[in-house]
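A quick write-up on the structure given underneath.
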Amino acid sequence: MNSSYLRTALLVAGLALAGCTDATFEDISPKAEKRLPSEIIAAMDKKGMTRSSPIMARIFKEEGKLEIWKMKSNGRYDVITSYDICKWSGQLGPKFIEGDRQAPEGFYTVRPASMNPKSGYHLSFNMGFPNAFDRAHGRTGANLMVHGACSSSGCYSMTDAQVEQIYAFARDAFRGGQTEFQIQAFPFRMTAANMSRYRNDPNYAFWKNLKEGYDQFEITKVPPKVDVCEKRYVFNQVPENGATFSPTGACPPSAQPAALMSAFQSYKVLDEAAVTGSAAATASLAPKPSIEGLKEARLVQEWTRKRARGERVSVEPPALHADGSVTVTAQMGRIDSPAGRRMAEIEAAAAAKQAAAEAKKRAEEEKKLAAVRAKAEKAAAEKAAELAAAGKSETSTAETDAGAPAEAAAAEEKPGMLSGVRKRIGNLFGS
């Protein structure tokens with residue numbers, strides 16, 4: 001790249017830098033004073049960087065990487081180190097609404113006031129979500145961080161040791177006079193091959209817009225000047241005649257350095273050809289899941305609200321698919337938090353109350369059943385007694401009736417009684 005092009009790129013980059021802010025920086029990091037490792041200091045010296053030279057950060061979700069770039073003595077930036085992201089939340093794609101658990105994608109600005117040495121996650125800094133682009137699209141959320149503790153519900157979480165180093169890079173750059181640094185968050189490295197893999201993704205148009213800034217940084221190795229108009233990012237544009245950018249308004253007439261414009265157009269032509277040529281080569285690499293827009297964000301938001309209230313929910317957020325179907329994991333759980341424990345106590349008390357009520361109802365039903373059974377048994381006993389009494393009476397009568405012929409026969413056998421028997425028989429028949 002020729003010296004004229006370099007001067008143009010550095011002029012564009014100069015628009016993002018200003019004077020010293022030592023007075024405000026001293027307030028932000030009383031405990032985050034660990035020095036960078038000696039091997040990193042040596043690598044900076046070798047690349048023509050100073051410990052206090054400006055920085056920039058890049059994040060790649062799919063690759064799980066956070067890179068730190070620093071400005072060299074020639075004004076261009078070079079990567080000095082990278083870290084494996086311990087955990088990031090959600091899927092590929094932007095953050096839409098508070099509670100969707102999506103880690104942001106886009107171009108953000110970190111200032112000294114964004115740094116938090118008293119974070120409950122060891123150390124942290126606020127990414128600056130929502131930015132002008134996010135607000136133009138009605139996106140909501142707050143406190144989206146890069147932090148330690150390796151725990152995330154919408155942030156980029158590092159180990160404590162990693163965040164101490166990242167914090168030190170920012171601390172030293174702020175003390176060296178940088179007033180803000182850019183953090184670029186991408187779904188993946190925006191190469192031709194990766195763009196080809198995701199060409200059918202619902203977030204593809206948004207990612208193409210991000211790629212414009214990605215490509216301009218790849219060309220210049222200087223953080224791009226970022227503005228928003230017509231609800232899209234524009235990079236390295238300077239409005240004409242004192243006009244300004246309105247995130248939701250029409251883009252004003254603007255100019256871009258001729259050398260940068262020419263280099264970008266050439267790069268774009270080659271890259272688009274590479275995207276087309278990469279389609280077959282990347283067909284076997286399945287794309288990662290991405291968020292299906294605002295509808296899925298709302299599903300996850302409701303899941304988050306229930307979880308925050310301590311309710312039992314699926315251990316993973318629901319997932320919406322392109323065909324409209326929703327997947328919910330079968331395993332249920334409750335977050336171990338004050339709200340979760342409170343809800344568990346309430347549900348346990350309600351369950352105990354219901355169990356007691358059911359036991360009381362069963363006891364009452366058993367009591368009624370026992371009374372009915374006793375009454376039936378008493379009635380049966382009385383009936384049996386009546387039947388027994390009736391049976392005894394019938395037996396006595398039968399025995400008397402059966403005994404008369406026997407007596408007559410006996411009388412016949414007794415000569416002295418024969419005439420008497422005949423007489424009684426004759427009386428019975430009226431003879």
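For q values of 0.13 Å⁻¹, compute log₁₀ I(q)/I(0) with the Debye formula on a Cα-only model of region 48-178, without solvent.
So the normalised log intensities work out to -0.52.
State, to one decimal in nm, how far the label point of LYS295 lies from the label point of LYS47, with both points 7 Å from Cα in the Cβ direction.
Placing both labels 7 Å along Cα→Cβ, they lie 4.4 nm apart.
Mean shadow of region 177-234, computed from the convex hull of its alpha carbons, in nm²?
4.8 nm²
What ³J(HN,Hα) values, in whole Hz, does the Karplus curve 6.51 cos²θ - 1.76 cosθ + 1.60 give for region 84-90 when θ = phi - 60°, with x put for Gly and Pro?
6, 5, 5, 6, 10, 9, x
Assuming a viscosity of 1.306 mPa s and a temperature of 10 °C, what translational diffusion coefficient in µm² per second does Stokes-Einstein assign to region 134-179, Rh being the Kirkwood radius over Cα pairs?
This corresponds to a translational diffusion coefficient of 128 µm²/s.
On the Cα set of region 293-333, report Rg and Dmax in Å, please.
Both quantities, over Cα of region 293-333: 10.3, 31 Å.
Note down the net charge around TRP69, summing +1 for each Lys or Arg and -1 for each Asp or Glu among other residues with Cβ under 11 Å from its Cβ.
Net charge in that neighbourhood comes out at +4.
State the extension gain, in nm to one decimal, for the chain segment bounded by ALA205 and ALA349, taking 0.36 nm per residue of separation less the distance between their alpha-carbons.
46.7 nm
Could you check the spin-label model distance between LEU369 and ALA193? Points 7 Å from the Cα along Cα→Cβ, value in nm.
7.2 nm
Under a crude label model (7 Å from the Cα following the beta-carbon direction), how far is LYS383 from ASN143 in nanometres?
7.5 nm
Sum up the charges of everything whose Cβ sits under 15 Å from the Cβ of VAL372, counting Lys and Arg as +1 and Asp and Glu as -1, but leave VAL372 out.
+1
Sum up the charges of everything whose Cβ sits under 14 Å from the Cβ of ARG51, counting Lys and Arg as +1 and Asp and Glu as -1, but leave ARG51 out.
Local charge sum for ARG51: +4.
Any read-out appearing in this document is the output of simple, stated calculations on the displayed coordinates, not a laboratory observation. Keep in mind that this is a model prediction, so the values were computed, not measured. Ideal geometry is used to build each Cβ from the backbone, glycine not excepted, and the neighbour counts take in all protein chains shown.
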